[in-house]
Amino acid sequence: MSSESGQPQAGPSCSGIQWPKREREQAEVSGGVIRRTVVQERKSWIQKVLEQIMGSPRQCVTPSEVVPVTVLAVQRYLLEGEPRDTKPRLPLYCYDVTISDGVYQEKCYLHHSLNSLVYQNILKVGIEMKISRVSCLYNEKRLGQGILCIDAARCGEPQEAISLETPFRNRAHEEKPERPLRGGKSHYLALWNNEDPYGDIWLTNKQPEEYNFNNTKIISLSHLEMTWTSRKDFPALLVRILHKSKLRYYGKPDKMMIEPYQSFLEVADSSGTVSAIMWNALCPEWYKSLKIGLVLLLQDYSVKKSYPFRIQPLPVDPEIKLISTMEICLNLRNPSTNIVIIPENQVKPEWRLPKLNHRFVTRSELDNMPENHICDVIGVLSFVGRVQRSKKKENREDFWSYRWIHITDGTSEQPFIVELFSTSQPEIFENIYPMTHFVCTQLKVVRNDTQVPKLLYLTTTNESRVFITRGQRGQSYACDAKVKNFIQWIKTKTDSEEVNAVIGGYYPYPPVPETFSKYSHHVKVESLLTAVSEVRKVIENLQYREQKRIAVQGIITVVKYARHNCATESASASETPRNDSQPSTSQAATGESHSQERDGKQHQDDRPINSQCFQTPSTSSSPSRKRRILQGTCAKPVAVPQPEASAQTKGNKPGTSITLQRREVTSVSIIRKARRTLTDRWESQLWRDKRFDLVDHLQYSRVYAESIPRKFNFEHRKFLTQQYNSQPAKYIPPEGKPPKLDEFRSALSLGHFEVTILGLNHEIAIDVAFLPMYSPEDVRTSQIDTLLTCMNYSCVYPREVNVNENLPGPKALADTGD
């Protein structure tokens, strides 16, 4: 493996606090320009704290005055070059927090005990924060230099008016490129994943340039394959980029790597195609400038035996030889690779470089595509889900970022359902919204025709690239017949179709198998079931936007319908009182939490209830689309597979909801019936008998605003896009007064359900939410009759019904379970 090492570079990591002097208090401002002012309107709180640390014999102090400061940036990096054998073990990543007191800005190191505030998105940009304990962290290899460390803080509410004009007290914090405060790393990472390029080290200014090929010896790839083992020097390569992978970050705290990145380029000439790997510091210099289709002249590269377990993407032309015995290594040194982008007008036909060939498929063709087939798609985005995260490995700090999207191309009533992982293109991934013309390449088909419902969707691969375009002129795929057909179809569409576009919200996909036995075949034995007593710990360990599926056993004892006009913030299904307070200080970082409390009193919603049925409100739907849920005489213990847990936040408080994605239910059903006055809540006798004897009641049925999909509003596209993206690392001022997310129309026609599950030992109960996608436009399902099927499909699709239609009775419905 080709790599390089280097020594830590000087920067703020070696020059943090420049101790204040009287003449310095009013001198340092942004841009390194020194301006003398007569008197500050008010003295900087940051300055006061630094003076207090200077005058204290202790390394850690409590500020004499605690005033709110504003968080302007939260930036992540790998801690390297410092002792890590102390206990408890330090986390892998560190955070620098930029604060402003209205007079100065200061970049501070966040003590690792407070990292959980970032994990849960409690500490984020734009909020008010009160710092109650600070310390000075010295660099013992330097004289008189240290950094300000935040040891204890309380996070407050988001601020409406935030100024970015205040200067940095320490001018070193303004230097470009930005440097972390600690360790030897020369750059920051993206806040929520490692695949996205982040910061000003990533250049975009590489342009094609005319090249004089006189006296330049060029070798073909096939000839190089036959002779590379016996060569010391390698002639230049003249190739075209066919594929480009997303970035891979392989930094580790015990290795002194400078920009430890890797990216694969599949390049080809007339004789074959081979993998070229960009390593380390060459990635920030070239990655964003190298586009698919560019012609490159590569000089001073190295050649190595290829990695045996990597699968190369298929060549664009089946007649081109796939060279898998060697790989081209491009590095900044040893040797220093020279890359030249050749202008397209200088490319000669006699070079016979391969052209880009795309594999576009239409939605109507997808039904016949085999598993793992690779294809490209083009269409209009009709649904863009919120950004979610999943752990790469358990007990690790690394996450994948992804979102679900729907792409419509006019060839079918069904859209492409795409699982879109980050492709190292944050400028696109974070700026997509419905009604956008979208191209995605190198997608893999995922299907399972034996599952009910049938599973069919697309997922990105390592070489997938995405494009937003309003016109295809000049694109390599513009002449493709299927692209032309799409362009003709899109000309017939009107802006009125915006009403069918949806953005954000919880998206329960892919569905789990219809039976628990099938589900268990796809899960490791040790992680198949989670004890009800362990659920709290699982939830507390969830991080911001993390999605995780767990399976528990229990009895459904309460089902409550929540109208969509209060869907964003609802009480629990069982209405047991709870303490909504959550730790927002350093206690949250040390693992302390507030348990839910029960007082044994009967509340308003605990009044005797007719347990026959509950209904959806008439205001939510036409009579022909109403649903009734009927319950038999008793609840039956059932296996409860795979609720989906997701960490969410509202404001500054951490909140968590478990969404019931699918349940095996034998006695609860949804049927169509004529008008009748019914209640919207059912509870079993077992719940009435056991509810006051519980050891613990976990209440995770609260549904937050960002979990509700919204009807897309093009006028507010920027606001909606930001709401369903991940939190940014730096504060972005809003344009005017932003609206509130609750003001946008929900795409859930009839709200959601809240379900209480009683553990098999009758000691612990869990409240969870079930959000069916109840919409006539939802194309994922066929007609739904029972709650069991509704939960299988995770959505409801109503149809017009004749009131005189013969309907099955409660007894018949009770026999629909497994």
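The values are calculated or read from the model by the stated rules, or taken from the named source; none is laboratory data. These figures come from a predicted structure and were not determined experimentally. Here the Cβ positions follow ideal geometry from the backbone for every residue, glycine too, while neighbour counts run over all protein chains shown. Surface areas here come from the heavy atoms of the whole protein model, side chains and all, with no ligands, DNA or RNA. Shrake-Rupley method; radii C 1.70, N 1.55, O 1.52, S 1.80 Å.
Here are some notes:
- For the stretch 390-408, the set of residues classified as in contact with a Ser or Thr (Cβ under 6 Å, 6 or more places away or on another chain) and open to solvent by 10 Å² or more (accessible area, probe 1.4 Å) consists of Trp400, His406, Thr408, listed by residue number.
- Test result for Ile341, at pLDDT 90 or above and surrounded by 13 or more Cβ atoms within 10 Å (Cβ to Cβ): yes
- Condition met for Glu157 (closer than 20 Å to Leu72 by Cα, surrounded by fewer than 19 Cβ atoms within 10 Å (Cβ to Cβ) and at pLDDT 90 or above): yes
- Pairs with Cβ under 9 Å, 6+ apart, first in the stretch 189-203 and at positive phi, second open to solvent by 20 Å² or more (accessible area, probe 1.4 Å): Gly199/Pro177; Gly199/Glu178
- Qualifying residue in the stretch 389-410 (condition: assigned to a strand (DSSP E or B) and over 21 Å from the mean Cα position of the chain (by Cα)): yes
- Residue in the stretch 422-443 that is on the phi > 0 side of the Ramachandran plot, crowded, with 16+ Cβ neighbours inside 10 Å, in contact with a Phe, Trp or Tyr (Cβ under 9 Å, 6 or more places away or on another chain) and at pLDDT 95 or above present: yes
- So Glu763, is it among the acidic types (Asp, Glu), open to solvent by 30 Å² or more (accessible area, probe 1.4 Å) and at pLDDT below 50: no
- Where a residue in the stretch 216-232 is without any contact (Cβ under 8 Å) to a residue 60 or more places away in the chain and its partner, wherever it lies, is of a type in the set (S, T, N, Q), with Cβ under 9 Å and at least six apart: Ile219/Thr227; Ser220/Ser270; Ser220/Ser271; His223/Ser271
- Residue match in the stretch 716-736 (condition: in a loop (DSSP other than H, G, I, E, B), out of contact with any Cys (no Cβ under 8 Å at 6 or more places or on another chain), of a type in the set (A, V, I, L, M, F, W, C) and open to solvent by 50 Å² or more (accessible area, probe 1.4 Å)): yes
- Qualifying residue in the stretch 494-507 (condition: hydroxyl-bearing (Ser, Thr, Tyr), closer than 30 Å to Ser701 by Cβ and either modelled with pLDDT under 90 or open to solvent by 80 Å² or more (accessible area, probe 1.4 Å) (or both)): yes
- Residues of the stretch 199-221 classified as farther than 12 Å from Leu298 by Cα and open to solvent by 70 Å² or more (accessible area, probe 1.4 Å), total: 8
- Any chance Lys252 is touching a Ser or Thr at 6+ places or on another chain (Cβ under 8 Å) and farther than 24 Å from Pro318 by Cβ: no
- Test: residue in the stretch 467-476 that is open to solvent by less than 40 Å² (accessible area, probe 1.4 Å) and closer than 22 Å to Gly385 by Cβ: yes
- Subset of the stretch 416-438 (residues that are outside any helix (DSSP H, G or I), more than 20 Å from Phe714 (Cα to Cα) and of a type outside the set (Ser, Thr, Tyr)): Phe416, Ile417, Val418, Glu419, Leu420, Phe421, Gln425
- Residue match in the stretch 383-401 (condition: of a type in the set (Asp, Glu) and modelled with pLDDT of 95 or more): no
- Complete set of residues in the stretch 348-381 that are surrounded by 13 or more Cβ atoms within 10 Å (Cβ to Cβ) and either free of Cβ contacts under 8 Å to residues at least 12 places away in the same chain or in a loop (DSSP other than H, G, I, E, B) (or both): Leu353, Pro354, Leu356, Asn357, His358, Arg359, Val361, Thr362, Met369, His373
- Selected residue (criterion: nearest to Ser684 (Cα to Cα)) from residues of the stretch 744-760 that are surrounded by fewer than 23 Cβ atoms within 10 Å (Cβ to Cβ) and within 24 Å of the chain's Cα centre (by Cα): Ser746
- From the list Glu195, Glu210, the one residue that fits, being touching a Leu at 6+ places or on another chain (Cβ under 6 Å), in a loop (DSSP other than H, G, I, E, B) and under 30 Å from Leu356 (Cα atoms), is Glu195.
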